[in-house]
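J.: Take a look at the following structure, please.
None of the figures in this text is laboratory data; all of them are computed from the coordinates on show. These numbers were taken from a predicted model, which means no experiment stands behind them. For neighbour counting, all protein chains shown are included, and Cβ atoms are generated from backbone atoms with ideal geometry for every residue, glycine included.
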Amino acid sequence: MLRPCAEKVSRTYGECDMIEINHWDLITAWVSPKKIDLAKFISSALQDQPSQLYFIDATNSFPIREFQRETPVATNKDVYDNIRIITCLELEELTILVNKIIQTIQLNKIERQKKKSQNNSHHNDIQFFPDLKMRVIINGLEIMFKNTQFKQDSETTHSILRDILLRLRVIANESEGTQMQTLLLFPKDEFKISVPVGDTGRYKRMRSNHNGNSLGEYVCKFYADRVM
Amino acid sequence: MSWIPHLVAELGMSFGISLSQLIVDNPEPLLSGISELDESLNVGFQSRSIYEIYGPPGIGKTKFGIQLVNNGLSRNSGQDHVLWIETHRCIPWNLVKNEEEEEEEDKIKRFSKVRLNKFTQLLIFFQNLLKEERDPYQLIIIDGFSQTICDHIQILRNRGMDEKQIHNVKCNHLILLFTWMTKYTHSKRSTIILLDDCMNTSYQQLDLHSFEDDFEMVDDGSNFFVRSTMSNNNNNNNNGSTATSFSSSPPSASSRDRAFGGRGRRRNIQVLKSALVANSAMGAKDFKWEIFLKCRIGFFWNWKEETLRADNFSKTHRRQFDRCRLAIVFDPHDERAKTLSDSRERGRKRGIDQVDMQNKIIKFDYNTEEGVFESVNNASVPLLLSFKRPSAMTSTPTMESTSQCSSTVQHIPDDQATTAMEWEMDEIVHDSEEE
């Protein structure tokens, strides 16, 4: 059942301090994470092998300094190799990237099947053919959306956005050989009402207004399984 | 086990750049020459990033830009190319360092300048620059960028657009321009630095009465930070507002009363911000383009401590006061995160006495002998961070907790005015280029 964004936020309220990758859903939205928290998350996400992380970014926001502190490069070269930083400023580019990620997953599946058949699959699958853990972090979705809006009409832009988010969900649901999780980062300002009211810590319920929802609110409301 | 990248690369599907490669490929950061500032920026200005430096007239933004040009031309064994974009003022060539003639000639070859004083010129310029196959510029400085945007806004206003429209158009246009700049910085691994003016918020013409309703002083002893007390901060970050209490007591329910002069009367507070924000198109959506900025650095004046001691304060003539400069560095991205966690914390526990402010304050000054800006480490001129204000003094640079460096000026009612206050009323008007 779809829950309003504000309720989802309040549900997860207070859990941000503990970043546990295993508890994350297929598509998670994270509102204004601290750099150090993001670095910790990325570090923990890549502890299990084999894993690959795609950091798709509209701005130069990968927390390199914090990550280097968290994960020293000298002892974690593989982790650094398994993170790919990709600059993306438009939804069309993001579509291409998502397609490439899908192709990578398909390749992994084929490779895995090949190996299985070579080994007659009498080995334990989990031990010899561990699932590929793929994480995708997208920062600046609202910028990509806006930039696409400059070129395309609103309907087309929305359609591209929906297509991307649905594809990500579909891939994440296909669990054979791959575990994929997507994290969407949004600035706090995207959420006009999802902040505590007064000193009580309670959250206002989302109400429609004539300005419509921001992109962050829209995505969190209809596509994210969890909002932090 | 890093077989996935190999698999992907083998099949010709590699995209993006690995973090290890990114770290290796990134050019060394550009040093400013102010060691503490470099430290706070993670060893200098990083490539693939856009920075904004802003401050009042005469504080030395252009000089600082020229210092960066000199450092940039000397970086990477003298291989870097630097571009200076003039908007409304020519680059003061006399400030460019004179080195050995041969070395100077080489530098001049790698230094370019162009005059662009319209928004559309800037936009087209960056679009074309990306396509050019010439040597990329590792450093681009735009002097007076905010003035170009202000002029653009004025053109929109003359077309008869209303306030809301102008704000939306400004945000869209800045997103567009910053997108092209970001494409350039990422593809060429360069750094763009914007040198902007600052403006006080009373300039804006929107009805932002709420903007100045809920500022309160952060009691971290610095006297430099204010934060929004708007708990349902549903507007773009900034918009808190009123007078800040300068007492050392923690903010409390009564702070609002104090802010209103204790008698429900509102003081006139003006917040000094970047002119890129505090212009006539200021509004709630400014955050949409602000996230392109890696870091903001506000330059402000500060009094040296000895001139502010209470006994000196009343005796000393204004002209005898010594000033130094402060750079307030903050990361808008982490700032947002902090604000959010603060507000969550506030939800858990009523009232916050202290906030762990992570913004950095660097004291620096212009060395007239060397002709460079440098850190002020002289123990005899300590940084005024724990200074308790004399009751008569009511002006200090401050910083909004959310995203803006700012300076507040409180106008004291006439019946409370003192001699010492007379000079303080016009404090934000600085002489230009006094060095």
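J.: Taking the Cα centroid of segment A:28-53 and of segment B:14-81, what is the distance between the two, rounded to the nearest whole Å?
T.: Centre-to-centre distance over Cα atoms comes out at 27 Å.
J.: Please give the contour-minus-distance gain from A:Gln103 to A:Asp78: 0.36 nm per residue of separation, less the Cα-Cα distance, rounded to one decimal in nm.
T.: 6.8 nm
J.: On a full-extension model of 0.36 nm per residue, what is the gain between B:Glu105 and B:Glu370, subtracting their alpha-carbon distance, rounded to one decimal in nm?
T.: Fully extending the segment from B:Glu105 to B:Glu370 adds 93.3 nm.
J.: I'd like the mean, over residues of B:169-176, of how many other protein chain beta carbons sit within 10 Å of each residue's own Cβ.
T.: Per-residue shielding by partner chains comes out at 2.
J.: What FRET efficiency comes out for B:Gln127 versus A:Lys115 if R0 is 35 angstrom and r is the Cβ-Cβ distance? Round to the nearest 0.05.
T.: Efficiency at R0 = 35 Å is approximately 0.15.
J.: Something else now. Per residue of A:60-68, count partner chain C-beta atoms within 10 Å of its C-beta, then hand back the mean as an integer.
T.: Values: counts 10, 6, 3, 2, 6, 3, 2, 2, 3.
Neighbouring Cβ atoms belonging to other protein chains average 4 per residue here.
J.: So, one more: Non-local amide H neighbours of B:Ile193 (under 5 Å, H modeled in plane, Pro and chain starts lacking H): which ones?
T.: B:Tyr51, B:Ile140, B:Ile141, B:Ile142
J.: For the pair B:Val24/B:Ile155, report the inter-label distance in nm, with labels modelled 7 Å from Cα in the Cβ direction.
T.: Output for this residue pair reads 4.6 nm.
J.: What is the spin-label model distance, in nm, from B:Asn168 to B:Glu86 if the labels are put 7 Å beyond Cα along the C-beta direction?
T.: Here the modelled spin labels are 3.8 nm apart.
J.: Convert each backbone phi in segment A:57-66 into a coupling constant with the Karplus relation 6.51 cos²θ - 1.76 cosθ + 1.60 (shift: θ = phi - 60°), then list the ³J(HN,Hα) values in order as whole Hz, x for Gly and Pro.
T.: Values per residue, Gly and Pro as x: 9, 8, 10, 8, 10, 5, x, 4, 4, 5 Hz.
J.: What list do you get for A:His158, B:His152 if you sort them by fewest beta carbons within 10 Å?
T.: A:His158, B:His152
J.: Between B:Val43 and A:Gln152, how many nm apart are label points set 7 Å from Cα along the C-beta direction?
T.: Distance between label points: 4.1 nm.
J.: Shielding of A:77-89 by partners, i.e. mean partner chain Cβ atoms within 10 Å per residue?
T.: 6
J.: Applying a 10 Å radius around every beta-carbon, put B:105-115, A:178-188, A:34-44 in order of their mean neighbour count, most first.
T.: For the peptides B:105-115, A:178-188, A:34-44, the packing ranking is A:178-188, A:34-44, B:105-115.
J.: Percent of Cα-Cα pairs per 10 Å bin, from 0 to the last occupied bin, for segment B:16-122, please list those.
T.: 12, 39, 35, 12, 1
J.: May I pose another question? What's the Cα-based Rg to Rh of segment A:38-163, Rh via Kirkwood?
T.: Rounded to two decimals, Rg over Rh is 1.07.
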